[in-house]
Amino acid sequence: MTAGGEARERPISRGQHLLSLQETDEQIALLEKEIAALASALNRDPELERLRAEERAAEAERQAAEERCRGVERELSGVRQRARSLEKRLYDGSVRNPQDLLGMQRDLTALKPRLDDLEASLLECMEASESAETTLAGANAAVAARDAERGSQETPRRERLALAQSELADQRVVRTAAAAAAGAGDVRIYERVAAHWKPAVVHLEGDSCGGCHLPLGIREANQVRSGEGLVQCSNCDRVVVR
Ligand SMILES: [Zn+2]
């Protein structure tokens, strides 16, 4: 009873019906996008996959470093054994020939730089192994943290997904009603325009189309204002409403 006179006099125009339909379609598109994003997030986590790949690489690096250390240790132990055996034979009196003793002394001296090299290599290798161990521990922690975070997000995500799916079902019902109110012929026009332009229904801006911004004819602009008929922009084909 207290409603404004203007609102009461004007029935909903054909353009306004299409505007409602468009708003519903926009809601549906947003919900579909959200549902796809939630489903994808529940299904897989590219960041977790990246962290797991880093973890595998760190584990491989640690194993390779350990393998290298074992190789150096084996070689070092062989050279040490050879040195010990030369020393033993040099000094235990079992070899008496001075020529042989001289040769053994030379061999022993020649082993010295080799031993030094191997000891340096082993030290280097152990440092690399320790560093690989630290990297691996960091990678393990990162995976565990991401896993825990993902676990804590799973329930809210599933709840939001269920809600969005139910909202989508509601919006589809709303759309069916909006399409029925607009009428099949106008819906076809709207869908044809929407295939090229989004939004397909735009507001009048001054005397111009709110989509392409070119002025409408005086008659069309007045038609939009009065809500009479369905007005399309002669330039871009969009439906123009007030
Ligand atoms: Zn236009």
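Odds and ends about this structure:
- Restricting the first member to segment 173-195 and to residues that are within 17 Å of Val240 (Cα to Cα), and the second to residues that are buried (at least 17 other Cβ atoms within 10 Å of the Cβ) and of a type in the set (S, T, N, Q), the beta-carbon pairs closer than 9 Å and six or more apart or on different chains are Ala182/Ser20; Ile189/Gln232; Tyr190/Gln22; Val193/Gln232; Ala194/Gln22.
- Any hit, segment 163-183, residues being over 42 Å from the mean Cα position of the chain (by Cα), under 30 Å from Val201 (Cβ atoms) and not in a helix (DSSP H, G or I): yes
- Restricting Arg242, Arg238, Arg158, Arg146 to those that are closer than 27 Å to Lys33 by Cα and not assigned by TED's automatic domain parsing to the domain that holds Ala60 reduces the list to Arg238.
- Screening His203 on (1) outside any strand (DSSP E or B); (2) within 13 Å of the ligand (Cβ to nearest atom); (3) of a type outside the set (Phe, Trp, Tyr) shows it passes everything except condition (1).
- For segment 35-56, a tally of residues being touching a residue at least 12 places away in the same chain (Cβ under 8 Å) and in a helix (DSSP H, G or I) returns 11.
- The number of residues in segment 35-86 being exposed (fewer than 14 other Cβ atoms within 10 Å of the Cβ) and charged (D, E, K, R) comes to 9.
- Among the residues of segment 117-146, those that are closer than 18 Å to Glu55 by Cβ and either of a type in the set (S, T, N, Q) or not in a helix (DSSP H, G or I) (or both) comprise Ser129, Ser131, Thr134, Thr135, Asn140.
- Check on Arg192, at pLDDT 95 or above, part of a helix (DSSP H, G or I) and within 16 Å of the ligand (Cβ to nearest atom): yes
- For segment 217-242, filtered to residues that are over 40 Å from the mean Cα position of the chain (by Cα) and over 18 Å from Ser13 (Cα atoms), the residue that is nearest to the ligand (Cβ to nearest atom) is Asn235.
The values are calculated or read from the model by the stated rules, or taken from the named source; none is laboratory data. Nothing here was measured: the structure is a model prediction, and the numbers come from that model. FYI the Cβ positions are ideal-geometry reconstructions off the backbone, even for glycines, and counts take in every protein chain you see.
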